[in-house]
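Asks: Here it is: the structure, laid out below.
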Amino acid sequence: MNKIFFIGLLFFFLGSQSVFSQKKTDETALIAKDTLKSNDIDPLTPAKAAFYSAILPGLGQAYNKKYWKIPIVYGAIGTSLYYYIDSNKSYNQYRDEYKRRLEGFGRGEELARYDDATLISAQKFYQRNRDLSALFVVGFYVLNIIDANVDAALIQFNVNENLSLKPNIYLNDVTSRTNVGLTFNYNF
């Protein structure tokens, strides 16, 4: 066992002779060329896009040059805002009629056919719809900011055909049946 250890140690010192040599070599290091263009990556781009979308919904999508998303953003936020305003108006109408009846003024002209229980249930219905619509407005606003941020981060990735993952359908020679698989290609 000792002989194998000393022989291994001898080969180690002989094989690493250049490490212990006294000869001075050129100290310039070889640097591998990076395939990514580091000049094109800006770490602040996602933050800018998110900030722009927070200031004005859809502005982050315009910053990312995804103009087709702007009508979707305004459509989602605008529709939710419309239903919020409509539900709030109806809620106030039923609430005011109910308060009027409690004060003893009698029934109003528009809602005279409804009794007090119907007015209370209508108030609850429109209040719930108003609150849900407000939640949707805030949700779509936050989703707009997240979309701009993620899109700006993903737009910086190098996407080319050197690395690809594609579905592949091929005929098995032995069983004469079609097989489905994925093909992973990496080209140098």
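Where a number appears in this text, it was derived from the coordinates with a stated rule and is not lab data. These figures come from a predicted structure and were not determined experimentally. Don't worry about glycine lacking a Cβ; one is built from the backbone with ideal geometry, like all the others, and counts go over all protein chains shown.
Asks: Given labels modelled 7 Å from the Cα in the Cβ direction, how far is it in nm from residue 99 to residue 41?
Replies: 5.9 nm
Asks: Another question, if that's okay. Starting at 0 and stepping by 10 Å, how many percent of the alpha carbon pairs of segment 65-120 end up in each bin?
Replies: Spelled out bin by bin, segment 65-120 gives 21, 32, 18, 15, 11, 4, 0 percent.
Asks: Let me ask something additional. Answer rounded, prolate or oblate for segment 31-188, using the Cα gyration tensor with square roots of eigenvalues a ≥ b ≥ c: rounded when a/c is under 1.5, else prolate when a/b is larger than b/c, else oblate.
Replies: Taking the square roots of the gyration eigenvalues as a ≥ b ≥ c, segment 31-188 is oblate.
Asks: Further question: Between residue 120 and residue 142, what is the spin-label point distance in nm, taking each point 7 Å from the Cα along the Cα→C-beta axis?
Replies: Placing both labels 7 Å along Cα→Cβ, they lie 3.4 nm apart.
Asks: Something else: Return the subset of 48/166; 65/166; 65/89; 66/166 for which the Cα-Cα distance in this structure is over 29 Å, preserving the input order.
Replies: Going by Cα-Cα distance, 48/166; 65/89 fall outside the 29 Å limit.
Asks: With only Lys, Arg, Asp and Glu charged, each at its Cβ (+1 for the first two, -1 for the last two), find how big the charge dipole of segment 39-188 is about the Cα centre; round to the nearest 20 debye.
Replies: Magnitude of the dipole: close to 240 debye.
Asks: Quote to one decimal, in nm, the extra length available between residue 175 and residue 187 on full extension: 0.36 nm per residue of separation minus the C-alpha distance between them.
Replies: Extending this stretch completely gives an extra 1.2 nm.
Asks: Same structure, new question: Suppose the chain between residue 165 and residue 153 were pulled fully straight at 0.36 nm per residue; how much longer would it get relative to their current alpha carbon spacing?
Replies: 2.2 nm
Asks: Tell me whether segment 106-188 comes out rounded, prolate or oblate; compute the Cα gyration tensor, take square roots of the eigenvalues as a ≥ b ≥ c, and use a/c under 1.5 as the rounded threshold.
Replies: Oblate, since a/c reaches 1.5 and b/c is not below a/b.
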